[in-house]
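Engineer: Pasting a structure here, questions to come.
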Amino acid sequence: AELKKQINTRVTSDLRQIVSMASSDPDALSEIEETVFPITEPKACLEDLQQKILSDFPEGPKTHYEIKFVSEDLKEHLSPAFYLTPPIDAAADNVIYINQGKSYQTEQTLYTTLAHEGYPGHLYQTTYFLATDPALVRNLLNYPGYVEGWATYVECLAYDYSGVDTFTAEVFRLNTSYSLGLYC
């Protein structure tokens, strides 16, 4: 009951803020629908994010990653993108898959999706953790709420890194928060 109340409070707050922003500039929301992020190529997005996060996060270890695309046969069954956590004995094998078949994977969402999966999201989180030389048993433990919470948090921060104006970034961030609240 307490969680439901907190979620409802957040959803209501997000919606009120969006309405307030829209009323301050009635044409703004329709213009936002047409927003194209300045960087739309996957590798360029990740390179841009690696540089821009340095103002907020410690530099991560030098690491290799590959961007791959989901095969045609699996497009309708997989999420828009995902990071494959590397095996314990091959920590340098970092791969992010992008599903180009999802109709909701657009140029508006690719940058923040790659922030979620790459920098400063799952890839950064994993490689940074592994660079601390943790006890091997810590590689066996899994905390999905923490891992996904972190990635969602930095996904929302990425609107500020994306190159869109502050107003647009805030509307996108509020919309993401609102949508996640509705899912909950």
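The values are calculated or read from the model by the stated rules, or taken from the named source; none is laboratory data. Predicted model only: the values in this text are computed from it and were never measured. FYI the Cβ positions are ideal-geometry reconstructions off the backbone, even for glycines, and counts take in every protein chain you see. Quick note on the areas: whole protein, heavy atoms, side chains included, nothing else; ligands and nucleic acids left out. Shrake-Rupley method; radii C 1.70, N 1.55, O 1.52, S 1.80 Å.
Engineer: Being part of a loop (DSSP other than H, G, I, E, B) and not charged (D, E, K, R) is the filter; apply it to region 30-45 and report the residue that is modelled with the lowest pLDDT. First the steps, then the outcome.
Structural biologist: First, pick out the residues of region 30-45 that are part of a loop (DSSP other than H, G, I, E, B): 34-41.
Now narrow it down to the ones that are not charged (D, E, K, R): 35-40.
On the way: Thr35: 87, Val36: 84, Phe37: 90, Pro38: 91, Ile39: 93, Thr40: 89.
Within region 30-45, the match that is modelled with the lowest pLDDT is Val36.
Engineer: Scan region 139-154 and report the pairs whose first residue is closer than 21 Å to Phe57 by Cα and part of a helix (DSSP H, G or I) and whose second residue is acidic (Asp, Glu) and open to solvent by less than 100 Å² (accessible area, probe 1.4 Å), with Cβ atoms within less than 8 Å and a gap of 6+ or a chain change.
Structural biologist: Sorted first by the residue in region 139-154, then by its partner, the pairs are Ala151/Glu117.
Engineer: Does Thr152 satisfy the condition of being out of contact with any Ser or Thr (no Cβ under 6 Å at 6 or more places or on another chain), at pLDDT 95 or above, more than 20 Å from Met21 (Cβ to Cβ) and open to solvent by 30 Å² or more (accessible area, probe 1.4 Å)?
Structural biologist: For Thr152, the condition - out of contact with any Ser or Thr (no Cβ under 6 Å at 6 or more places or on another chain), at pLDDT 95 or above, more than 20 Å from Met21 (Cβ to Cβ) and open to solvent by 30 Å² or more (accessible area, probe 1.4 Å) - is met.
Engineer: Further, regarding this structure: Name every residue in region 80-99 that is farther than 20 Å from Glu41 by Cβ and either in contact with a Cys (Cβ under 9 Å, 6 or more places away or on another chain) or assigned to a loop (DSSP other than H, G, I, E, B) (or both), in order of residue number.
Structural biologist: If the condition is that a residue be farther than 20 Å from Glu41 by Cβ and either in contact with a Cys (Cβ under 9 Å, 6 or more places away or on another chain) or assigned to a loop (DSSP other than H, G, I, E, B) (or both), then Thr85, Pro86, Pro87, Ile88, Asp89, Ala90, Ala91, Ala92, Asp93 are the ones that fit.
Engineer: Spot the failing condition for Ile39; the list is (1) among the hydrophobic types (A, V, I, L, M, F, W, C); (2) in contact with a Phe, Trp or Tyr (Cβ under 8 Å, 6 or more places away or on another chain); (3) open to solvent by 70 Å² or more (accessible area, probe 1.4 Å), and only one is missed.
Structural biologist: If we test Ile39 against (1) among the hydrophobic types (A, V, I, L, M, F, W, C); (2) in contact with a Phe, Trp or Tyr (Cβ under 8 Å, 6 or more places away or on another chain); (3) open to solvent by 70 Å² or more (accessible area, probe 1.4 Å), just (3) comes out false.
Engineer: Got a sec? Which of Leu123, Leu140, Leu180 is more than 26 Å from Leu3 (Cβ to Cβ) and open to solvent by 60 Å² or more (accessible area, probe 1.4 Å)?
Structural biologist: From the options Leu123, Leu140, Leu180, the qualifying one is Leu140.
Engineer: Just give me the residues in region 100-124 being more than 13 Å from Lys62 (Cα to Cα), at pLDDT 85 or above and not in a loop (DSSP other than H, G, I, E, B), in sequence order.
Structural biologist: Correct list: Thr109, Leu110, Tyr111, Thr112, Thr113, Leu114, Ala115, His116, Glu117, His122.
Engineer: When you look at Ala131, is it open to solvent by 60 Å² or more (accessible area, probe 1.4 Å), among the small types (Gly, Ala, Ser) and more than 14 Å from the chain's Cα centre (by Cα), yes or no?
Structural biologist: Numbers: open to solvent by 60 Å² or more (accessible area, probe 1.4 Å): yes; among the small types (Gly, Ala, Ser): yes; more than 14 Å from the chain's Cα centre (by Cα): yes.
Against the criterion (open to solvent by 60 Å² or more (accessible area, probe 1.4 Å), among the small types (Gly, Ala, Ser) and more than 14 Å from the chain's Cα centre (by Cα)), Ala131 qualifies.
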